[in-house]
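Since the structure comes first, as structure tokens, the remarks are kept for the end.
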């Protein structure tokens, strides 16, 4: 079992069955009564041809029976493969997979320690660090590339990421045309579009616009993904009090309606095509007007939406490992820890945004390393306690009795590696030992670990003949830019 197929034994639910049913019914009422603005002709045509009604020129009313039909055709399991053809992320039930956030405009320069725009090299190195880390299961292009032509920078980001990790790549695209070009790149590496469809190594991130709108680019990409049979995440990002109601139940109703409307369009365009439910649900901070990524509301709402995804038997796209802090400090660690544990215990499937600082404006390699540790600890908690005759250790307790200790007992030798968690980056030495090791604080150790990874780790390269095919595709993209 790979780390990406971890399934928690200890589980947390935010919503009970009755609450989920009420939210579901309310979402169906919104879709049938208020409707969704579909700002693209092909999207409207798909819905109208399926029996939906137009409220006005753009707003379409979706009946409950069409939602229920789409829920039945959508697959309950989606598998993402690594570049070597091995299943890496099995997205179903309560199984968890973790990955980075995407498209940050800024990073912290590793030499000057100053905030600056991301470059191609930053995206490539970010993928390389994630390729090394055991608990990072997929990689999103971590930055918006500022040193390539703006209209095709998203394609360069996919190429930079694929070249520096064997792990699945979840990516964004400016429009349907760029989406197709990124598919072409992935298909070239996979050995053809049929191989890519059979064992997808990539997944598109797409989203509606809150409240209750599907813009042309997003809708066209959603339909294209369905017809190409490429996995797609369709996930809203509403904020309480701004683009959604100021109540937790209200934002969950709206987010569910937005997700379900996209699901209907997608399944009508390609019945049975792979789609992933989800959302990044948080609030408008009324004192700062930011969209906070470290808030307790985000963790609670994402866990609640996960309960709804489990109800629908759909894979869930979640969020963790991010912070509103500006550097990897105590605030970053606190906010990351809460989110990683909650996402694990609630059974989110494809969990992104690891590495975000400053409310998704900065990406940080050090945060990747810290998150890798936090995920390991969360999994240790979530695996619960194994209770059987051997672990109850009655005979061992009797052997030792009231004298001696358990240190040298064979039972300890057999079990301590299985039962205990051994941190990779956190410090457990005493003060004297810590001083002898250089009195290094966590931020120093994280930076040193990143330096070590970048200096020594090499991702398994794409074979030369395959890389040549991908290069030709990129050259055509450049020529047409």
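Only the coordinates and a few stated rules stand behind these numbers; no lab work does. Predicted model, so just to flag it, every value in this text is computed and none were measured. Don't worry about glycine lacking a Cβ; one is built from the backbone with ideal geometry, like all the others, and counts go over all protein chains shown.
The table for this structure:
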{"read-out": "On Cα atoms only, tilt of 410-419 relative to the major axis of the chain in degrees", "value": "30 degrees"}
{"read-out": "Cβ-derived FRET efficiency at R0 51 Å, residue 180 paired with residue 436, nearest 0.05", "value": "0.35"}
{"read-out": "Cα→Cβ-extended label distance, 7 Å offset, between residue 57 and residue 410, nm", "value": "8.3 nm"}
{"read-out": "Calculated [θ] (222 nm, deg cm²/dmol) that DSSP helices of n ≥ 4 give over the chain, each run adding -39,500 (n - 2.57)", "value": "-14500 deg cm²/dmol"}
{"read-out": "Hydrodynamic radius by Kirkwood, which averages 1/r over all alpha carbon pairs of the range 64-123, in angstrom", "value": "15.7 Å"}
{"read-out": "Inverse mean reciprocal Cα-Cα distance (Kirkwood Rh) of the range 262-367, Å", "value": "14.4 Å"}
{"read-out": "Extension gain, residue 361 back to residue 390 (0.36 nm per residue minus Cα-Cα distance, nm)", "value": "5.4 nm"}
{"read-out": "Taking the convex hull of Cα positions in the range 376-481, its mean projected area over all directions (nm²)", "value": "14.2 nm²"}
{"read-out": "Calculated FRET value between residue 147 and residue 403, using beta carbons and R₀ = 56 Å, to 0.05", "value": "0.20"}
{"read-out": "Zone of residue 469's modelled label, taken as backbone nitrogen in the range 192-209 under 16 Å from a point 7 Å along Cα→Cβ", "value": "192-202"}
{"read-out": "Gained length - residue 77 relative to residue 428, 0.36 nm times residue gap less alpha-carbon distance", "value": "122.4 nm"}
{"read-out": "Difference of contour (0.36 nm per residue) and Cα-Cα distance, residue 215 to residue 444", "value": "78.0 nm"}
{"read-out": "Simple label model, 7 Å out from Cα along Cβ direction - residue 50 to residue 380, nm", "value": "4.6 nm"}
{"read-out": "Cα-based Rg / Dmax (Å) for the range 320-459", "value": "19.2, 58"}
{"read-out": "Cα Rg, Dmax, the range 381-428, angstrom units", "value": "13.2, 37"}
{"read-out": "Over the chain: Rg over Rh, Cα atoms, Kirkwood Rh", "value": "1.00"}
{"read-out": "Rounded to 10°, Cα long-axis angle of helix 176-190 versus longest principal axis of the chain", "value": "50 degrees"}
{"read-out": "Shape of the range 1-55, Cα gyration tensor, a/c cut at 1.5", "value": "oblate"}
{"read-out": "Helix 153-162 axis, angle to the chain major axis (alpha carbon atoms, nearest 10°)", "value": "40 degrees"}
{"read-out": "Cα-Cα separations in the range 23-96 greater than 22 Å, expressed as whole percent", "value": "43 percent"}
{"read-out": "Ordering of 57-69, 436-448, 291-303, 366-378 by packing [mean C-beta count within 10 Å, highest first]", "value": "366-378, 291-303, 57-69, 436-448"}
{"read-out": "The range 74-188: C-alpha pair distances exceeding 25 Å, %", "value": "23 percent"}
{"read-out": "Two-site FRET efficiency, residue 21 against residue 115, from Cβ-Cβ distance with R₀ of 35 Å, rounded to 0.05", "value": "0.15"}
{"read-out": "Normalised convex hull volume, the range 291-349, alpha-carbon set, Å³ per residue", "value": "67 Å³"}
